[in-house]
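Inspection log for the structure reproduced underneath, given as structure tokens.
The numbers here are math on the coordinates, done by the rules we state, and not lab data. As the structure is a prediction and not an experimental result, all values here were calculated from the model. Methodologically, a virtual Cβ is constructed for each residue, glycine included, from the backbone with ideal geometry; neighbour enumeration extends over all protein chains shown.
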Amino acid sequence: MKKIIIGMLFIFLTACAATGGKTESAVNNETQNEQTDIPLSERIYFLQHNLIAEWMFESEGDFYADLMEGNNDKFFEVAAEVVNSEYASGIVVAPMIESGVVLFSFPTPLTSPNCYFSIIKKEATGFSYYTYEKTLDYGEKEFIAVVGGWDEDGSHMNFGIRNYQTGQDFVTDILGDK
């Protein structure tokens, strides 16, 4: 597990060099990180949409098992390194043993498609990763977001617009079999 996290962090930092509830703004008003010139929203996206999904799919269940047991120190260390320590301290990781899911609650996003929540769900044949993403306001409802997900091949899925605002509602939706 440690090897995977360190490897992913190394890949992320190398790629950065090559390519040049709180809200996100309450967590960090700066758009730049001290060690990189990548905007805050892009670093958050990378953590939420790439790193978590990759760790889940590539760790053969170790990442999920660690989170379910409350062993999440390395996750928070990497989140602090990739985004920043203030943002990382605003993340809540909630293992839901009876449901077989791990719920991540993130600081309220300011930009689309950063996430309000994400879920790792243990399936009979592996794992699924779902996201609840900020989206543009398209009309009459005061609040809307999109349920998405990532598969093992790195393809993004879109399960449509929702308007609930709690992690528990997201868990209920996902457990209702997308």
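Taking Lys and Arg as +1 and Asp and Glu as -1, the other residues whose beta-carbon sits under 12 Å from that of residue 100 total 0. Seen through its C-alpha gyration tensor, with square-root eigenvalues sorted a ≥ b ≥ c, the range 53-178 comes out oblate because a/c lies at 1.5 or above while a/b is not bigger than b/c.
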